[in-house]
Amino acid sequence: MTVKTVRIAMNGVTGRMGYRQHLVRSILAIREQGGLDLGDGTTLWPEPVLVGRRDHAVRALAERHGLDHWSTDLDAVLADPSVEIYFDAQVTSARVTAVRTAIAAGKHVYCEKPTATTLDDSLALARLARDGGIKSGVVQDKVFLPGLLKLRRLVDGGFFGRILSVRGEFGYWVFEGDWQSAQRPSWNYRAEDGGGITVDMFPHWEYVLHDIFGRVTSVQALTTTHIPQRWDENGKLYEATADDATYGIFQLEGGVVAQINSSWAVRVNRDELVEFQVDGTEGSAVAGLRNCRAQHRSATPKPVWNPDLPVSESFRSQWQEVPDNGEFDNGFKAQWELFLRHVMLNEPWRWDLLAGARGVQLAELGMKSSAEGVRLDVPELAL
């Protein structure tokens, strides 16, 4: 067995998502399993090079996990020919410049979404990668999670018949920061810093809808800021200039209608923080990130509307749990492994910077739709 080391510059791993999901539960988890078996007698060993702006934070992270390589000088790291891949989990406003620099240095690029704050910038990155012969990837984690994998299994198996609609509910109450600390950083609520739930979540909904049901062809959205003032990490009051809720209606290829509500100002009365209900002529399903329940046409009850009598049926008990039928790995790790195989073996890959640009496009059109009060077509993107 041959061991091949791949050095990965990981920028932004001092943040919550970059640290937990990408460093610990993906790259370090691959190392803990002994590397990634490429199937040709080679084991790929990922060697992270931690990059960040705060010297003490990056150093502490490296020491905590016994890692030898870290830096606050991104240019120096990218100038190192032994570094093959650049990963970016920084705040969105810092991403374009860093990814441009990485592409110019000849590094393959894997990054969080959104890839940019504007469609023009996101397309420019995709073109730069294409023209430079750079392999690129954008994190599109939700389609790798158990609940949506089960949902995809139902779609691929023809369970739904003709799919009619998709209804999604996402969100939770993010504390304002005065009497309880907020669960999200304050920049999320400042438009000038690239914040806003539409910019954050519409890229997710684009790839979920695109991968499972079909391309989004039109969007009508309403965005709003329900909580106009919040308190930052230092307890200072600030104005929330970005939207904290967005309500979207999407038309898909083939006529499927999707409605998805996203809010950081909603209290949860669901089994999971995000759930999608899919209704078709032959059956329906409700999928979260981990679980999926289904109801076939043959087992659908016949409720009767009567507001004068109490409900006598337990509607939830009439659905059947979709079995795991296998083991599911961490969704972020699963996509990391596919990207590494794409880089090393040139295996098929569709979640590139152009796919990331589609998410930015949908967010941009959603914001425009809300501002103008109109439904907008979503043109198909090409480089």
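Throughout, read-outs are computed from the coordinates displayed, never taken from laboratory work. Please read all numbers here as calculations on a predicted model, not as lab measurements. Quick reminder, even Gly has a Cβ in these numbers, built from the backbone with ideal geometry, and neighbours come from all protein chains shown.
Of note:
- The longest stretch of the chain left intact once loop-based chymotrypsin sites (Phe, Trp or Tyr not before Pro) with at most 12 other Cβ atoms within 10 Å are removed from consideration, loops following DSSP, is 1-178.
- The alpha-carbon atoms of region 113-154, seen along their principal axes, cover 38, 23, 13 angstrom, with the largest extent given first.
- Out-of-range pairs (alpha-carbon distance over 25 Å; input Lys4/Lys333; Lys236/Lys333; Lys107/Lys368; Lys142/Lys302): Lys236/Lys333; Lys107/Lys368; Lys142/Lys302
- Bridge type composition, the chain - antiparallel percent by DSSP, nearest 5: 55 percent
- Trypsin sites (Lys or Arg not before Pro) restricted to region 318-376 and DSSP loop, no more than 16 other C-beta within 10 Å: Arg350, Arg375
- Loop-located GluC sites (Glu not before Pro) in region 257-359 (DSSP state not H, G, I, E or B) with no more than 16 neighbouring Cβ atoms inside 10 Å: Glu272, Glu282, Glu313, Glu327.
- GNM on the chain, alpha-carbon springs under 10 angstrom: the most fluctuating residue among Asn291, Asn325, Asn188 is Asn325.
- For region 193-272, the alpha-carbon radius of gyration amounts to 1.29 times the rule-of-thumb value 2.2 N^0.38 Å expected for a compact globular protein.
- Distant alpha-carbon pairs in region 240-347 (separation over 23 angstrom), percent: 56 percent
- Given charges at beta-carbon only (K, R positive; D, E negative), |dipole| of the chain in Debye: 360 debye
- Cα Rg over Rh - region 336-383, Kirkwood: 1.20
- Kirkwood hydrodynamic radius of region 229-294, Cα pairs, Å: 15.0 Å
- Shape of region 44-108, Cα gyration tensor, a/c cut at 1.5: oblate
- DSSP-defined beta bridges in region 1-91 - what % are antiparallel, rounded to 5: 10 percent
- Per-residue ellipticity at 222 nm from helix content only, as computed over the chain with -39500 (n - 2.57) for each DSSP H run of at least four residues, stands at -8500 deg cm²/dmol.
- Its residue count N fixes a reference of 2.2 N^0.38 Å for region 1-106, and the Cα radius of gyration divided by that reference is 1.06.
- Normalising by residue count, the chain has a Cα convex hull of 169 Å³ per residue.
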